[in-house]
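**Q** Below is a structure I'd like to ask you about.
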């Protein structure tokens, strides 16, 4: 049974995963979801473009030995094995991938004195793609790994000839890649399992389980915990939301008038807009709710922008965004570092509005740490994502009623809207409505969250018109 390089690498991560891949090649788990398929498609495009940067080479040259096969992305005269990766840097998990290819080529009788990884250059900027790639010599790293390859191939073949191996779950289930068979191995955990402690490491979870501690309720009362963990444990064990006394003073930063901002972005391995880098988040949509005085009551106005086609949308989005945030003392975001990155991207792409855009960035204030540092509800489940926090603090309001209700789907549909020419008529209009509703829900969610949080120490009301 010959092993391909992809199966060999899967076996390095987990024998059980490899066994299923080989013995159940049509398993439903091996069907790529839309997000994974998008990454596959972009990697394929990167591979094709890379050929133009290595003229005179052979592409996808296949080699077969008695125990393994290898298809080399680029085989340059020398010969030099070049593995093309659609990443912005060399990663340690790339080395076994290259090493098994070198092993197969040498077993087939071809001396290979040099091996490289060719990855994307994070400093490349569209439209100048002459420096799109960086070639890194990995020969030394590959030579260090090669001694284990032959033995590992034989071990994997022996394992595949037998029954499904027994492999305990652990960090290898998600590193360096998330296993597609994860749900087969991982048990259904009880509510408030210790693994739901905020940002807990897998090693710590295993330590707790070895001591017979399965849920948060089982934790010893004298256990030393971080501040956030202590708050989480208290909320879970009492069944009540915990609100810290310092919440009131922290709310002082959220002084009216406020604007509430959310961006949606697309990213491409091979950039498509002027000055953009590989995999750079490109803002193509925003939603802004802004407070304004009206008859003694605070009212909200809503502004939105959604790109519609392959042209660079940044000049239009920047101009409308500056207007939408005008007059706001602070601009509220949830996980504001993302919005700050988007604003800096816009400032680079639209230099005549850079001052105004960076001023919006300076006014950003993050709602996430306000929640994380002062509040815990038992229904958060160890997460402070807005998808978990919103329904817990604002019952009845969530994303479940939306046609598009999570970020990866929104990104993929935005890519369709921008570049799928056959998307026309009512189908296109329906998609635009769904994308606008999703982005607007993000800013409306922040409004209702802040209203609820203020209500924990006081009260305030907003009206929408």
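**Q** Among residues belonging to segment 77-86 that are assigned to a loop (DSSP other than H, G, I, E, B) and out of contact with any helix residue (DSSP H, G or I) (no Cβ under 8 Å at 6 or more places or on another chain), point out the one that is nearest to residue 145 (Cα to Cα).
**A** Here the answer is 78.
**Q** Moving to a separate point now. Have a look at 389, 457, 371, 350 and point out the one that is buried (at least 16 other Cβ atoms within 10 Å of the Cβ), in contact with a strand residue (DSSP E or B) (Cβ under 9 Å, 6 or more places away or on another chain) and not assigned by TED's automatic domain parsing to the domain that holds residue 229.
**A** After applying the criteria, what remains is 389.
**Q** Across segment 254-271, what is the number of residues that are at pLDDT 95 or above and touching a strand residue (DSSP E or B) at 6+ places or on another chain (Cβ under 6 Å)?
**A** Residues meeting the conditions: 9.
**Q** Evaluate segment 38-48: report whether one residue or more is buried (at least 17 other Cβ atoms within 10 Å of the Cβ), in contact (Cβ under 8 Å) with a residue 60 or more places away in the chain, in the same structural domain as residue 157 (by TED's automatic domain parsing) and touching a strand residue (DSSP E or B) at 6+ places or on another chain (Cβ under 7 Å).
**A** Yes, that holds for at least one residue.
**Q** Within segment 135-175, track down each residue that is in contact with a helix residue (DSSP H, G or I) (Cβ under 6 Å, 6 or more places away or on another chain), assigned to a helix (DSSP H, G or I) and without any contact (Cβ under 8 Å) to a residue 40 or more places away in the chain.
**A** Passing the criteria: only 171.
**Q** Only one of these conditions is not met by residue 327: (1) assigned to a helix (DSSP H, G or I); (2) in contact (Cβ under 8 Å) with a residue 40 or more places away in the chain. Which number is it?
**A** (1)
**Q** Further, regarding this structure: Among the residues that make up segment 106-119, is at least one of them over 32 Å from the mean Cα position of the chain (by Cα) and at positive phi?
**A** yes
**Q** Against the definition (out of contact with any strand residue (DSSP E or B) (no Cβ under 8 Å at 6 or more places or on another chain), farther than 15 Å from residue 285 by Cα, part of a loop (DSSP other than H, G, I, E, B) and touching a residue at least 60 places away in the same chain (Cβ under 8 Å)), how does residue 382 come out, yes or no?
**A** yes
**Q** Related question: Has segment 399-407 got at least one residue that is in contact with a helix residue (DSSP H, G or I) (Cβ under 8 Å, 6 or more places away or on another chain), exposed (fewer than 14 other Cβ atoms within 10 Å of the Cβ) and touching a residue at least 24 places away in the same chain (Cβ under 8 Å)?
**A** yes
**Q** If residue 114 satisfies every condition in (1) buried (at least 17 other Cβ atoms within 10 Å of the Cβ); (2) touching a strand residue (DSSP E or B) at 6+ places or on another chain (Cβ under 6 Å) but one, which is the exception?
**A** Only one criterion is unmet by residue 114, namely (1).
The values are calculated or read from the model by the stated rules, or taken from the named source; none is laboratory data. Everything numeric here is computed off the predicted structure, so don't read it as measured data. Neighbour counts are summed over all protein chains in view; Cβ atoms, including those assigned to glycine, are modelled from backbone coordinates with ideal geometry.
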